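The values are calculated or read from the model by the stated rules, or taken from the named source; none is laboratory data. Quick caveat, the model's predicted, so the values are computed rather than measured. Here the Cβ positions follow ideal geometry from the backbone for every residue, glycine too, while neighbour counts run over all protein chains shown.
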Amino acid sequence: MLGFVLTMLLFPVNPTFTHAQVIKSGPPSCPGVALTFDLCPVRNGTGYDQTLIDYLIEQKIPATFFMSGKWIAKHDQQVKALLQIPFFEVGTHGEVHAHMPFQSEEEQKQEILGPVRLFKTKYSHNATLFRPPYGEFNDDTVNVARALGLQFILWNVVSGDPDPTLTASQIEGRLKRFVQKGSVIVMHANGKGQHTHEVVQDLHQHLLPERRLTPMTVSELLSCGQTAP
Ligand SMILES: [Zn+2]
């Protein structure tokens with residue numbers, strides 16, 4: 001028995017079913033990173049970081065957005081604009097930004113499905129990437145997402161951009177420490193990140209080229225290295 005436990009600890013080739021479904025990064029051999037931006041609902045302000053989006057578009061930087069249903073309902077024009085950019089990918093982020101682990105399986109299903117349905121019916125968009133609000137989940141969340149055919153996307157680098165006490169250089173310092181091949185970086189495009197635009201500019205102009213890393217959408221990052229050039 002002890003031998004078995006040790007084997008499991010030393011060689012976690014079969015991580016629990018749950019964790020196998022939760023994606024935090026791309027292949028470690030991939031010379032790319034995914035810049036991901038959550039569009040969580042906001043009470044005040046426009047809920048849209050136009051300067052940041054304009055910069056991503058001008059510089060043709062691939063990016064992935066996770067939109068909550070509440071946010072989509074208030075940002076029809078912005079949703080349409082983002083869906084039109086060929087190097088952007090759009091996934092969902094729950095309906096009302098609920099704390100999943102406090103909800104029943106059925107409640108979680110409705111929370112996840114809200115924006116997925118809205119995308120299909122109103123925008124003819126098939127959103128297959130899902131990121132749970134706050135990054136919180138339990139086994140039900142993973143099972144429901146899988147049953148709905150969604151890919152469960154977390155991150156492995158936290159920018160901390162919505163924290164008003166962090167300066168741009170503190171956020172940049174954090175990214176310098178953690179960004180590497182295959183990284184998925186979580187940021188915000190709903191205006192919560194006061195320095196997000198500045199930080200992305202620094203990433204694009206300095207950190208990524210210095211490390212020979214290319215920004216990719218989440219789907220590109222996940223299939224990176226799997227297809228012949
Ligand atoms: Zn969020």
Hey, residue 80 of a type outside the set (Val, Ile, Thr), within 12 Å of the ligand (Cβ to nearest atom) and in a helix (DSSP H, G or I) or not: no
Residue that is free of Cβ contacts under 8 Å to residues at least 40 places away in the same chain, aromatic (Phe, Trp, Tyr) and surrounded by fewer than 18 Cβ atoms within 10 Å (Cβ to Cβ), where the choices are 123, 134: 134
Top-ranked residue of segment 45-74 - restricted to ones that are within 16 Å of the ligand (Cβ to nearest atom) and assigned to a loop (DSSP other than H, G, I, E, B), ranked as modelled with the lowest pLDDT: 45
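Give the residue that is nearest to the ligand (Cβ to nearest atom), with candidates limited to residues of segment 17-44 that are assigned to a helix (DSSP H, G or I) and within 18 Å of residue 184 (Cα to Cα). Before the answer, list the steps.
Initially, segment 17-44 is screened for residues assigned to a helix (DSSP H, G or I), giving 17-21.
Keeping just the survivors that are within 18 Å of residue 184 (Cα to Cα) gives 19-21.
Details: 19: 21, 20: 24, 21: 20 Å.
This residue is 21.
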Scope segment 98-111; condition within 16 Å of the ligand (Cβ to nearest atom) and out of contact with any helix residue (DSSP H, G or I) (no Cβ under 6 Å at 6 or more places or on another chain); matching residues: 99, 101, 102, 103, 111
Given (1) among the acidic types (Asp, Glu); (2) away from the ligand (no atom under 16 Å from the Cβ); (3) in contact with a Ser or Thr (Cβ under 8 Å, 6 or more places away or on another chain), number of the condition residue 95 does not satisfy: (2)
